[in-house]
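Worksheet: one structure, shown below.
The values are calculated or read from the model by the stated rules, or taken from the named source; none is laboratory data. This one's a predicted model, so the numbers in the text were calculated from it and none came from an experiment. Positions of Cβ are backbone-derived with ideal geometry, glycine not excepted, and every protein chain shown enters the neighbour counts.
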Amino acid sequence: MFDTLMKHRTELSRALRNGHFERMDGGQLLFPKSGLIAGGSFRTRINGGDEQIDPNILVYTGLDDILAVYFAQSAQRTAFYIAPFSGNVSPAQSLTAATFPATMTEFTNYTESARPVWAKDPEASQNIANATTPARFTAGTGGGTVWGAALTTASAKSATSGLLVCCAKFEASRPLLAGDKLDIEYAISALDGTP
């Protein structure tokens with residue numbers, strides 16, 4: 001996998017910049033010339049059951065940051081946070097951390113004081129996830145409905161700073177009653193799709 005990335009890094013950078021990639025049904029990006037497939041998904045559970053998996057989109061700011069860190073020696077991000085939203089809105093690839101809270105109607109009615117950290121497990125088989133320690137949201141008084149989630153670098157609820165990496169609107173909403181626990185996992189993978 002690393003060899004594929006290094007061999008095609010200039011091509012991948014140019015392809016992202018110029019929009020020369022295809023979106024697959026699962027939300028992944030396919031780079032036809034190199035055969036690389038990249039993408040992620042959010043897995044949610046309410047009170048330990050009712051599992052749902054939804055693909056995300058990697059927004060432009062997230063893709064730019066991946067390229068800058070991996071190929072241009074920019075400083076690596078050290079922490080990521082999961083932010084749920086309650087708007088029944090499909091995220092655009094141009095969504096940013098500054099526009100996320102208002103555009104997607106960030107869901108903040110949970111008892112945790114800040115957005116939970118994405119406590120990622122070690123990389124395995126070209127996949128990184130927080131399966132061991134999902135981000136937990138305990139619904140506050142009145143509950144609410146969560147329509148999706150995003151991965152960001154800012155921890156404060158409704159923060160407009162930092163960097164937005166990806167975002168997903170769930171296929172079905174996640175209605176929460178007061179005290180319900182919504183666990184959210186995020187996984188991102190990169191695969192060599194060449195035969």
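Sub-8 Å Cβ pairs linking a first residue in segment 79-93 that is free of Cβ contacts under 8 Å to residues at least 40 places away in the same chain to a second residue that is in a strand (DSSP E or B), at least 6 apart or interchain, are GLN93/ILE57; GLN93/LEU58, ordered by first then second residue.
Examine segment 19-31 for a residue that is at pLDDT 90 or above, acidic (Asp, Glu) and not in a helix (DSSP H, G or I), and state whether such a residue exists. Checked segment 19-31: no residue is at pLDDT 90 or above, acidic (Asp, Glu) and not in a helix (DSSP H, G or I). Select from segment 47-64 the residues that are crowded, with 18+ Cβ neighbours inside 10 Å and either assigned to a helix (DSSP H, G or I) or basic (Lys, Arg) (or both) and list them in ascending order. Result: THR61, GLY62, LEU63. Residue count for segment 109-125, restricted to those that are among the polar types (S, T, N, Q) and in contact with a Ser or Thr (Cβ under 6 Å, 6 or more places away or on another chain): 1. For the condition of a type outside the set (Asp, Glu) and over 25 Å from ASP180 (Cβ atoms), VAL146 does not qualify. Only one entry in THR44, THR108 is modelled with pLDDT of 95 or more, among the hydroxyl-bearing types (Ser, Thr, Tyr) and not in a loop (DSSP other than H, G, I, E, B), namely THR44.
Taken over segment 119-138, the criterion of being of a type outside the set (A, V, I, L, M, F, W, C) and either assigned to a strand (DSSP E or B) or surrounded by 14 or more Cβ atoms within 10 Å (Cβ to Cβ) (or both) is satisfied by LYS120, ASP121, GLN126, ASN127, ASN130, THR133, PRO134, ARG136, THR138. For LEU67, only one of the following conditions fails: (1) at pLDDT below 95; (2) of a type in the set (A, V, I, L, M); (3) farther than 21 Å from LEU164 by Cβ; (4) surrounded by 14 or more Cβ atoms within 10 Å (Cβ to Cβ). What is its number? Going through the list (1) at pLDDT below 95; (2) of a type in the set (A, V, I, L, M); (3) farther than 21 Å from LEU164 by Cβ; (4) surrounded by 14 or more Cβ atoms within 10 Å (Cβ to Cβ), LEU67 breaks only (3).
The rows are residues; the columns are (1) modelled with pLDDT of 95 or more; (2) touching a Lys or Arg at 6+ places or on another chain (Cβ under 6 Å); (3) outside any loop (DSSP other than H, G, I, E, B); (4) crowded, with 19+ Cβ neighbours inside 10 Å.
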| site | (1), (2), (3), (4) |
| --- | --- |
| SER74 | no, no, no, no |
| ALA79 | yes, no, no, no |
| PRO84 | yes, no, yes, yes |
| SER113 | yes, no, no, no |
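Candidates in segment 139-191 are the residues that are among the acidic types (Asp, Glu) and surrounded by 15 or more Cβ atoms within 10 Å (Cβ to Cβ); of these, the one that is farthest from ARG115 (Cα to Cα) is ASP180.
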